[in-house]
Amino acid sequence: MKYYYLIALYFFAGLAAAAPLPDDVAHALKQAGIPLADVAIEVRDRNSAKPLLSLNAQRPMNPASTMKLLTTYAGLELLGPAYTWKTEAYLDGTLKDGVLHGNLILKGYGDPKFTVDQFWLWLHELRGRGLKEIRGDLILDRSFFELQTHDSAEFDNDPMRAYNVGPDALLINFNTLRLRYLPDGNKLKVMSEPALDTIKLDNQLAPQPASNCEKWDDTLHIQARGDSVILLQGGYPSECGEREQNLSVMPHTRFVATVFTALWQEIGGTLKGEAHEGALPATAKLFATHRSEPLSNVIRDINKFSNNVMARQLFLSLGSEEKSTATIAKSTQTVLTWLDSNSLNFPELVLENGAGLSRKERISAHHLGQLLDSAAASPLGAEFVASLPILGVDGSVKKRLKNSAAASHAHLKTGTLDGVKTIAGYVKSQHGTDYTVVFLINHPNARAGQDAQDKLLEWVQRQ
């Protein structure tokens, strides 16, 4: 009996040690119409086992994009900061005097950031190796990722948005075109990068007064008409100056084939056959290999700019092996095994894609805080922390608390979905103490909860 009494006493003493929710945080939540029951918070001195502040911290919550913290930390530990992805070019035929009598095969292994610029340089390399004319077909091997059919409209019925792009073993330029809007008086020019002859931009946009340049694209209505026309309608606020946005306008295979054809012709190459998806033939011989940026660079893009498709590519790569396909199931099991090996037991954890663009993914504030503590203590902790946006300086928190004493004193990852507003990371107090902070909101009014989150960050910085 005495043993159980001591355990209970220790438990309740731990609860008593936690500070109450700061008044200004509670007031901001009340003003936003967000009940405390729909909020989970944990604040902890990284050198203390007891939380400074804890509210509903054991409750499973939708973390939105803060789930990328798990994916990127696992990537660093499992793959290493110097890890690179490859994309291979094979020749199935005879190359003589610059002419390939046969097919060119491109096989992808999940490179998250194979941009148009890099693709253009690689095609120049193929030219430099002696390939000028392809008498056969262009075959695109995307088989390294074993995936179900991706419906880019499923999440929010906005299939052209870059954040809805699905993963692909042969991903080029995030499967997106960049549209640039160039106002000139009463005229508005729209150009695409890369420029594709097979895509026509039907520009029916009209100039309109700017009410809010932060939301300059709210009045744009963009849709694909068939396979070759992008219709742009609505109003464009010319006073907002030049703007740009990335849109996904066609399926992966067609996009890669279209970009290849345009760039290959631009550098003087010719393709006589067709471009289509297919498997690498056993008779093909390796011709050239492209290597991606290292993982340490990739996780900076994922976390600072919350790039969903890059996170999905990385998540799939966690469970992949050279001679077998990558699947969500393999990656999920790999992550669970890795967590267990690090004594991180998260029974409530639900993974769907590792990016947080999900209605299913779950983790508690307590365990997300544990994960952050583990990452900071890792030999690779400096790489991980450096990948997070700096409060008031860059990434997704560039415009938050710019004039606050907390600016530049926090590395934080944010997450936003309809009904979800989250933030998690590290805050250094004015006296130099390092704190781990997690603040998750799951409520229809979640978007109005940013002020409460900011007030908590300032409160922690003052500790």
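Key figures
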quantity	calculated
Three principal axis lengths of the range 54-171 [C-alpha, angstrom, descending]	71, 36, 25
J(HN,Hα) series, the range 199-204, from Karplus relation 6.51 cos²θ - 1.76 cosθ + 1.60, nearest Hz, glycine and proline x	10, 9, 8, 8, 8, 10
With Cα atoms, 0 to 90° folded angle of helix 450-461 axis to the chain main axis	60
Cross-link table 68/455; 215/330; 30/360; 285/330; 68/323, entries beyond 31 Å C-alpha to C-alpha	215/330
Cβ crowding within 10 Å averaged over residues, with 306-317, 220-231, 344-355 ranked highest first	306-317, 344-355, 220-231
The range 36-97-the range 266-337 distance, computed between alpha-carbon centres (Å)	18
Cα convex hull of the range 290-351, projected area averaged across orientations, nm²	5.4
In degrees, nearest ten, helix 252-266 long axis to first principal axis of the chain (Cα)	50
Alpha-carbon centroids, the range 365-419 and the range 102-134: separation in whole Å	36
Using alpha carbons only: equivalent-ellipsoid semi-axes of the range 207-253, gyration tensor based, whole Å	25, 12, 8
Reachable aspartates and glutamates, given that their alpha-carbon falls under 12 Å from the alpha-carbon of residue 304 and they are not under 8 places away in the same chain	394
Considering only the chain, percent of DSSP beta bridges that pair antiparallel, nearest 5	80
Of every Cα-Cα pair in the range 177-247, the percent that sits beyond 19 Å	27
Sequence-distant residues sharing a close amide H with residue 200 (under 5 Å, placed H)	229, 230
Ranked 119, 305, criterion: other C-beta atoms within 10 Å, fewest first	305, 119
Theoretical ellipticity at 222 nm over the chain - DSSP helices of four or more residues, -39500 (n - 2.57) apiece, nearest 500	-9000 deg cm²/dmol
Long-range Cα-Cα pairs in the range 14-105 (distance over 23 Å), rounded percent	58
Assigned charges on the beta-carbon of Lys, Arg, Asp, Glu; the chain dipole about Cα centre (debye)	580
Pair-distance profile P(r), taking every C-alpha pair of the chain, with 20 angstrom steps and integer %	22, 50, 24, 4, 0
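Rule-based calculations on the coordinates, nothing more; no lab input. Note that the coordinates shown come from a computational prediction; the quantities given were computed from them, not determined experimentally. Using ideal geometry, Cβ is built from the backbone for each residue, glycine included, and neighbour counts are taken over all protein chains shown.
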